[in-house]
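The values are calculated or read from the model by the stated rules, or taken from the named source; none is laboratory data. These numbers come from a predicted model, not from an experiment. We place every Cβ from the backbone using ideal geometry, glycine too, and count neighbours over all the protein chains shown. Quick note on the areas: whole protein, heavy atoms, side chains included, nothing else; ligands and nucleic acids left out. Shrake-Rupley method; radii C 1.70, N 1.55, O 1.52, S 1.80 Å.
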Amino acid sequence: MIASERIIVPLDVPTLDQAIALIELLPDVSFWKVGLELFTSVGPRILDVLKSRQKRVFLDLKFHDIPNTVGSACRVAGTYGVDLLTIHATCGKDCLMGAMDALFQGASGAAPPKLIAITLLTSISARDLAFDLKIPLELPEFALQMALLAENAGLDGVVCSPQEVAQLRESCRPDFLLVCPGVRPVWANKDDQKRSLSPVQALQSGADYLVIGRPITAATDPLSAWAKICEELGSIQNLSSAEKVHL
Ligand SMILES: O=C(O)c1cc(=O)[nH]c(=O)n1[C@@H]1O[C@H](COP(=O)(O)O)[C@@H](O)[C@H]1O
């Protein structure tokens with residue numbers, strides 16, 4: 001897999017027309033993420049648009065509810081034929097296991113999406129975790145525990161910040177997918193991301209996929225921002241973990 005295929009670009013726009021314009025502006029992007037804004041606005045139509053263009057699809061709905069509700073939603077999401085789907089690890093083990101079962105049922109014989117759990121949102125700082133959320137664990141330890149919970153529940157991987165990815169790569173099974181948002185080239189704004197690293201650092205630390213949005217989509221020239229990031233990633237010599245990923 002070449003480095004650019006490991007970048008997932010979020011379609012964080014409110015309308016179908018804007019989503020299609022972005023897809024057409026960046027023809028070399030092979031993996032797109034559909035998140036809460038676009039899916040709330042457009043629904044599953046956007047998934048058909050992407051699949052008809054042979055794109056891989058990350059459906060980022062970040063489910064977080066009781067097991068019965070999440071399971072029912074996963075049964076529907078399993079019918080969509082997408083590649084990746086998100087759930088919060090803090091749903092708990094029963095909910096995570098039930099979600100996996102429900103995805104298989106929904107896919108009815110076809111390959112279900114890989115289910116990956118949010119460990120801790122990349123917009124949360126160590127201070128937020130301790131003082132606002134009152135979690136009595138150091139941030140890297142909390143992220144690790146959430147990843148181990150997801151792994152024990154049989155999930156395919158997790159979403160984590162690039163700052164924790166090296167630790168998770170060491171502690172989790174080798175084929176456990178590690179997807180990192182909050183990635184920022186040195187020349188880009190941090191925006192609301194609190195635990196970022198550069199794309200090169202994130203891949204070198206063991207990420208399988210990088211989610212990179214505003215540094216590309218909000219750039220004055222998105223096409224050259226995309227090209228610049230691909231060029232930076234092209235300089236990495238050892239991309240071995242990519243060989244394990246078959247999405
Ligand atoms: O699940 C995600 O993709 C996600 C998890 C997380 O912890 N942090 C995070 O930023 N994301 C998503 O990754 C994307 C990051 O976008 P930028 O900050 O514009 O690069 C957004 O679509 C977020 O919804």
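Quick notes
- Average accessible area per residue (Å²) across the chain - probe 1.4 Å, nucleic acids and ligands excluded: 45
- Label-to-label distance, T40 versus I2, with points set 7 angstrom from Cα along the beta-carbon direction: 3.7 nm.
- Three semi-axes of the equivalent ellipsoid, the range 151-204, Cα gyration tensor, whole Å, largest first: 23, 11, 8
- Coarse-grained scattering of the range 1-242 at q = 0.16 Å⁻¹, given as base-10 log I(q)/I(0) from a Debye sum over alpha-carbon atoms: -1.22
- Largest to smallest accessible area among Y80, Y209 [probe 1.4 Å]: Y80, Y209
- The calculated FRET efficiency for the pair H64 and A21, based on their C-beta separation and a Förster distance of 35 Å, comes to about 0.70.
- The distance between label points at S123 and D28 comes to 3.0 nm (points 7 Å beyond Cα on the Cα→Cβ vector).
- The range 1-242 - percent of accessible surface contributed by carbon and sulfur, probe 1.4 Å: 53
- Rg(Cα)/(2.2 N^0.38 Å) for the range 121-190, N = residue count: 1.16
- Gap separating the Cα centres of the range 162-192 and the range 78-99, nearest whole Å: 20
- List K194, K55, K114, K134, ordered by accessible area with a 1.4 Å probe, largest first: K134, K194, K114, K55
- Efficiency of FRET from Cβ geometry, D191 and E138, R₀ 30 Å, rounded to 0.05: 0.75
- By the Cβ distance rule of under 4.7 Å, the chain has these cysteines without a partner: C74, C160, C172, C180, C230.
- Contact order for the chain, expressed relative to its length and based on alpha carbon pairs under 8 Å spaced 6+ residues apart, stands at 17 percent.
- Per-residue SASA entry for R127, accessible area with 1.4 Å probe, Å² rounded to 10: 140
- Solvent-accessible surface of protein heavy atoms, probed at 1.4 angstrom with all chains present, puts F131, F39 in the order F131, F39, largest first.
- With an a/c value of 1.5 or above and a/b not larger than b/c for the gyration tensor axes a ≥ b ≥ c computed over the alpha-carbon atoms, the range 59-122 is described as oblate.
- Once the Kirkwood radius over Cα pairs is known for the range 1-122, the Stokes-Einstein relation at 10 °C and 1.306 mPa s delivers a diffusion coefficient of 107 µm²/s.
- At an R0 of 25 angstrom, the distance between the Cβ atoms of D48 and A219 translates into a FRET efficiency of 0.35.
- In the chain, lysine pairs closer than 17 Å at Cα, eight or more apart or cross-chain: 10
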